[in-house]
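The values are calculated or read from the model by the stated rules, or taken from the named source; none is laboratory data. These numbers were taken from a predicted model, which means no experiment stands behind them. Every residue, glycine as well, gets a Cβ built from its backbone with ideal geometry; the counts of neighbours run over all protein chains shown. Just the protein is used for accessible areas: all its heavy atoms, side chains included, with ligands, DNA and RNA removed. Shrake-Rupley method; radii C 1.70, N 1.55, O 1.52, S 1.80 Å.
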Amino acid sequence: MTATLAATGVPKLARGVRLRHDEARGQWVLLAPERVLNPDPVAVEILKKVDGARSIDAIVDELATAFTVERTTVATDVDAFLSGLAEKGLIEVTSPVIGDAAS
Amino acid sequence: MSLIEEPRSRVEVPARPAPPIPYGMLAELTHRCPLQCPYCSNPVELDRRNVELDTETWLRVFSEAAKLGVLQVHLSGGEPTARRDLEQMIRHCVDVGLYTNLITAGVGVTPERLQAISDAGIDHVQLSFQGATAEMTDKVSNFRGAHERKLAVGREVRRLGLPLTVNSVVHRANIHQIPDFIELALALDARRIEIAHSQYYGWALRNRGALMPTRDQVFWALDVVEEARVRLKGVLTIDAVVPDYYAKYPKPCMNGWGRQSLNVTPSGKVLPCHAAETIPSLDFWNVREHSLTDVWLNSPAFNAFRGTDWMPDLCKSCERKEIDWGGCRCQAMAIAGDAAATDPACHLSPLHADLLALAEADAEGSDIYDYRRYFQPDRAG
Ligand code: SF4
Ligand code: SF4
């Protein structure tokens, strides 16, 4: 399942999923039902922009600018990461365009 | 809970100096419950309403938990909705940054109450089913009409947009319903199901002969779960807590004693695991007298089996000592009569054959339940 998400889609954390900074351990954590996930630094940067307002396109643009990385590279990483989260039900992507990404 | 994932940064944590920081806290808000499950993990001596912690104390405990580094709080019981201050507690947890999980039996919970719980900011609801059919649920919980009420609560939880986990405890009488439990979870639009074999502490220990599944049943269940896991990948997460008495190695109980989680009882005792009171030599500190951090760091009960120093040589010299942590202390107590023994579920334990024989004998036991109850009618409840 290498589903591609529509670039115009707007991702947001599903209800019951929260990103927060964990002061006690000095790290970011993604909290989900019965799970505590430790996103790596790149994942944290992506997750911070998953706010239910920005589209995937916008997230990729911002990250490419902020880290001066090739846009296509960022796009691939973001898509792979968010597809994985969507598959696990950790994020929901509302898509204004009916694309071929339905899965 | 053994479901909390090992943090990937574990290698960076210094090996010994300070005890680890707990991830989860089970808050048993009350022992009151309308149901009477014979496998209930609550102690046989149930706490009565008049000894329960008051609201103010619980709020302080949640603040202290957050400060200690706890990330997720499991609001449990008994039936946590029996506490009228539940919403207040949830709101407080949200304020101090704790992730809240409600573990409910779903009987006596109105849609209005669920709305209030949702508005308070609950993150996740775990709903128990004693059977996959009305007949089974009502029989095991000893409550007529329980199943229908649970289904209604499950639907309402989803209507509110909350993530739902179906929790099913399986044993000899209902283990054959595992495929139906999975169907039920799908029908309720749950994202996750927990299939937990009953564990023999508290009331379950009293009812072991009526609960113990046969070896064939256990192995059949493993296959069914494996098949369903593959088939439902991405649709339904299946977390199965497998019984270890027919296995080669014990379960990594609590992922190590005093390592990832703690448990507060209705009257305020702090336990390293919910069954720890079955170990008579341990003295449990109470949140009425100690801060949670103090208990976690300094109470003798938490330090009794922390790490690997306490282990018998068999475990100490074993390469799995930091994988299963020598197994379950309460099972060692129950079977070996020594909480510091190797868990008899381990095939290397000299008592392993005894445990197997006991399981096999119990699997032939009578089907009559000794239902969970207060020994005298609890007028206050
Ligand atoms: S296991 Fe059954 S009796 Fe025990 S608290 Fe849960 S629902 Fe109530
Ligand atoms: S000997 Fe102890 S550490 Fe080794 S597998 Fe058995 S219980 Fe685990």
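Observations on the structure shown:
- Among the residues listed as B:THR214, B:THR237, the single one being modelled with pLDDT under 95 and surrounded by fewer than 18 Cβ atoms within 10 Å (Cβ to Cβ): B:THR214
- Complete set of residues in region B:37-55 that are touching a Lys or Arg at 6+ places or on another chain (Cβ under 8 Å) and open to solvent by 50 Å² or more (accessible area, probe 1.4 Å): B:ARG49
- Where a residue in region A:3-15 is within 14 Å of chain B (Cβ to nearest Cβ) and its partner, wherever it lies, is β-branched (Val, Ile, Thr), with Cβ under 9 Å and at least six apart: A:LYS12/A:VAL50; A:LYS12/A:ILE91; A:LYS12/A:VAL93; A:LYS12/A:THR94; A:LEU13/A:VAL50; A:LEU13/A:ILE91; A:ALA14/A:ILE91
- Region B:221-234, residues that are open to solvent by 20 Å² or more (accessible area, probe 1.4 Å) and touching a residue at least 40 places away in the same chain (Cβ under 8 Å): B:VAL224
- Residues (open to solvent by less than 10 Å² (accessible area, probe 1.4 Å), outside any loop (DSSP other than H, G, I, E, B) and either closer than 18 Å to B:HIS274 by Cα or within 16 Å of ligand 1 (Cβ to nearest atom) (or both)) located in region B:66-99: B:GLN72, B:VAL73, B:HIS74, B:LEU75, B:PRO80, B:LEU86
- Matching residues in region A:20-53 - criterion: being open to solvent by 20 Å² or more (accessible area, probe 1.4 Å), more than 7 Å from chain B (Cβ to nearest Cβ), out of contact with any Pro (no Cβ under 8 Å at 6 or more places or on another chain) and of a type outside the set (Asp, Glu): A:HIS21, A:GLY26, A:PRO39, A:PRO41, A:VAL42, A:LYS48, A:LYS49, A:ALA53
- Taking region B:138-162 as the range and being within 14 Å of chain A (Cβ to nearest Cβ) and buried (at least 18 other Cβ atoms within 10 Å of the Cβ) as the test, the residues that pass are B:VAL157, B:LEU162.
- Test for A:VAL60: is it in contact with a helix residue (DSSP H, G or I) (Cβ under 9 Å, 6 or more places away or on another chain) and open to solvent by 20 Å² or more (accessible area, probe 1.4 Å): no
- Meets criteria (part of a helix (DSSP H, G or I), over 16 Å from the mean Cα position of the chain (by Cα) and of a type in the set (Ser, Thr, Tyr)) for A:THR73: no
- Neighbours by Cβ (under 8 Å, 6+ apart or cross-chain): first from region B:101-112, within 14 Å of another protein chain (Cβ to nearest Cβ); second of a type in the set (Ser, Thr, Tyr) and more than 13 Å from ligand 1 (Cβ to nearest atom): none
- As a summary of the residue check, A:VAL60 satisfies the conditions (1) within 14 Å of another protein chain (Cβ to nearest Cβ); (2) closer than 20 Å to A:THR8 by Cα except for the one numbered (1).
- Selection count, region B:121-145, where residues are in contact (Cβ under 8 Å) with a residue 60 or more places away in the chain and more than 20 Å from the chain's Cα centre (by Cα): 2
- Selected residue [closer than 21 Å to B:PRO266 by Cα and assigned to a loop (DSSP other than H, G, I, E, B)] from B:GLY131, B:GLY106: B:GLY106
- Residue check: B:GLU135 meets all listed conditions (1) more than 14 Å from chain A (Cβ to nearest Cβ); (2) closer than 18 Å to A:GLU34 by Cβ; (3) modelled with pLDDT of 95 or more but one, namely (2).
- Taking region A:16-40 as the range and being within 24 Å of B:ASP119 (Cβ to Cβ) and in a loop (DSSP other than H, G, I, E, B) as the test, the residues that pass are A:GLY16, A:VAL17, A:PRO33, A:GLU34.
- The single residue among B:CYS253, B:CYS315, B:CYS328 that is closer than 21 Å to B:LEU356 by Cβ, touching a Lys or Arg at 6+ places or on another chain (Cβ under 9 Å) and free of Cβ contacts under 8 Å to residues at least 40 places away in the same chain turns out to be B:CYS315.
- Members of region B:31-56 that are polar (S, T, N, Q), under 27 Å from B:GLN260 (Cα atoms) and more than 9 Å from ligand 1 (Cβ to nearest atom): B:THR55
- Residues of region B:289-305 satisfying the condition of being within 20 Å of B:TRP58 (Cβ to Cβ), in contact with a helix residue (DSSP H, G or I) (Cβ under 7 Å, 6 or more places away or on another chain) and part of a loop (DSSP other than H, G, I, E, B): B:SER291
- Residue match in region B:289-299 (condition: open to solvent by less than 50 Å² (accessible area, probe 1.4 Å) and over 29 Å from B:THR55 (Cα atoms)): no
- Applying the criterion of being farther than 16 Å from A:ARG18 by Cα and acidic (Asp, Glu) to the residues of region B:100-137, the residue that is most open to solvent (accessible area, probe 1.4 Å) is B:GLU135.
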